[in-house]
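See structure below.
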Amino acid sequence: MRISCICFTEKGAQTALMIRHALNDASTDIDVWTERKSKTADEEVHVVSKNIHAWMADHFLTDDAIIFVGAVGIAVRLIAPQIQSKTTDPAIVVVDEEGRWAISLLSGHLDRANDLARRTAAGIGAEAIVTTAADLHAAFAVDEFAKENNCVVGSMELAKEVSSAVLGGRPVGFYADPLLPVDGTCPEELTCYPPGTEPYTEEGCEDRPVLGITMSLNSQVPYFQSNLSLVPKAVVLGVDCRRGVAAEELERFLFNFLDVSGVSIEAICKVASVDLKAQGPAIRYFCEKQALPLETYTASQLIRVPGKFSASSFVEKTIGVDNVCERAAVLGAMDRELPGKLIVEKKAYNGMTAALALVPRLYHWKSSVFQTR
């Protein structure tokens, strides 16, 4: 998590450095900034060399979170021109100079300002101020659940409807694909449906809540009449293609492959291939266009991937490994020494192949920032 902590006085710099010490760990990269050099800050504080409004415009785009040490009014005036959407804005937290309060100001759930306010408060001995309704009522928050489980939210308007229904005591359904089991007890605000439940149809689903959440790799299959789709980014797309394949041809093949496989592009977290083939423009074009990272492996790395894969003597002769797309997908989906699960085997067309593997991830109802009643 990339955080900038901005302060405006010498006392504020002292508090900002306390925050930096409390939050700086392997998962957090935090820098302290000030408009003018502090006598106590030394080299630990960066001085803003440009207009503070220009600095804010830059960091609003690049940082995961911004912590203000100072008055709430200063923070509001500086961030107001930059605010766009709760799905893209960074988390904003305000801490007073004395370090008594840590206020979650913007992007409380999706960008985890509530969590950051609590972490900051715990680290410096302050009190966290969180005003989002779901937190005040200790109720299920769908946007926070999505953030914690790395899911793409299909519709923010429907997410607002779900939150309103939960807080108003109206029925909300929940269904998770069997590939995506959620650990723990279903929150009492939701009616959870078991694996094997059929997708929504106009007839035969009258007993279900009208409004519901579907957690699936396919955003197009609803389980409720008014359906909020949550798609975990947990699938690795393994790809191989012959030399000379046009970028547009590979793109059409891959989208058709995903469509037939019943996996949305939103579920793809990375593309994986052998290093020799990834030098070509087609795979890189697809990754750049879809803003997906490309991970490549040598033939010797792919050979060592355990499991049963579709073998090709031609591929083995030319590359040195009997299968690229399946092995690359499984290796790319490995998490903490646990191998990825091959969920769609190799499909081939005109010198192009693709396969899909699922990251072995455990999904949770509860987390350090999410509580049920």
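The values are calculated or read from the model by the stated rules, or taken from the named source; none is laboratory data. Keep in mind the model is a prediction, meaning the values are calculated, not measured. Note that we place each Cβ from the backbone using ideal geometry, even for glycine, and neighbour counts take in every protein chain shown. Calculation scope for accessible area: heavy atoms of the full protein, side chains included, ligands and nucleic acids excluded. Shrake-Rupley method; radii C 1.70, N 1.55, O 1.52, S 1.80 Å.
Computed quantities for the displayed model
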read-out: Checklist (1) over 26 Å from Met215 (Cβ atoms); (2) touching an Asp or Glu at 6+ places or on another chain (Cβ under 7 Å); (3) hydrophobic (A, V, I, L, M, F, W, C); (4) open to solvent by less than 40 Å² (accessible area, probe 1.4 Å) applied to Val359, failing item; value: (1)
read-out: Single residue of Thr88, Thr9, Thr62 found to be without any contact (Cβ under 8 Å) to a residue 12 or more places away in the chain and open to solvent by 10 Å² or more (accessible area, probe 1.4 Å); value: Thr88
read-out: Where a residue in the stretch 67-78 is hydroxyl-bearing (Ser, Thr, Tyr) and open to solvent by 10 Å² or more (accessible area, probe 1.4 Å) and its partner, wherever it lies, is modelled with pLDDT under 90 and in a helix (DSSP H, G or I), with Cβ under 7 Å and at least six apart; value: none
read-out: Matching residues in the stretch 175-193 - criterion: being open to solvent by 30 Å² or more (accessible area, probe 1.4 Å) and either assigned to a loop (DSSP other than H, G, I, E, B) or under 13 Å from Leu358 (Cα atoms) (or both); value: Asp177, Pro178, Leu179, Pro181, Gly184, Thr185, Cys186, Glu188
read-out: Ala282 vs. criteria open to solvent by less than 60 Å² (accessible area, probe 1.4 Å), closer than 20 Å to Val315 by Cα and out of contact with any Ser or Thr (no Cβ under 7 Å at 6 or more places or on another chain); value: yes
read-out: The stretch 138-163 residues that are in contact (Cβ under 8 Å) with a residue 40 or more places away in the chain and small (Gly, Ala, Ser), paired with ones that are open to solvent by 40 Å² or more (accessible area, probe 1.4 Å) and in a loop (DSSP other than H, G, I, E, B) (beta carbon under 6 Å, 6 or more apart); value: Ala138/Gln371; Ala138/Arg373
read-out: Options Arg208, Arg170: the member that is open to solvent by 70 Å² or more (accessible area, probe 1.4 Å) and of a type in the set (Lys, Arg); value: Arg170
read-out: Condition check for Ala54: crowded, with 19+ Cβ neighbours inside 10 Å and either without any contact (Cβ under 8 Å) to a residue 12 or more places away in the chain or in contact with a strand residue (DSSP E or B) (Cβ under 7 Å, 6 or more places away or on another chain) (or both); value: no
read-out: All helices (runs of 4 or more DSSP H) inside the stretch 242-359 with 1 or more residues being within 27 Å of Cys151 (Cβ to Cβ); value: 247-261, 281-290, 325-332
read-out: Residue check, Pro339 open to solvent by 20 Å² or more (accessible area, probe 1.4 Å) and farther than 23 Å from Ser219 by Cβ; value: yes
read-out: Qualifying residue in the stretch 310-326 (condition: surrounded by 19 or more Cβ atoms within 10 Å (Cβ to Cβ) and within 23 Å of the chain's Cα centre (by Cα)); value: no
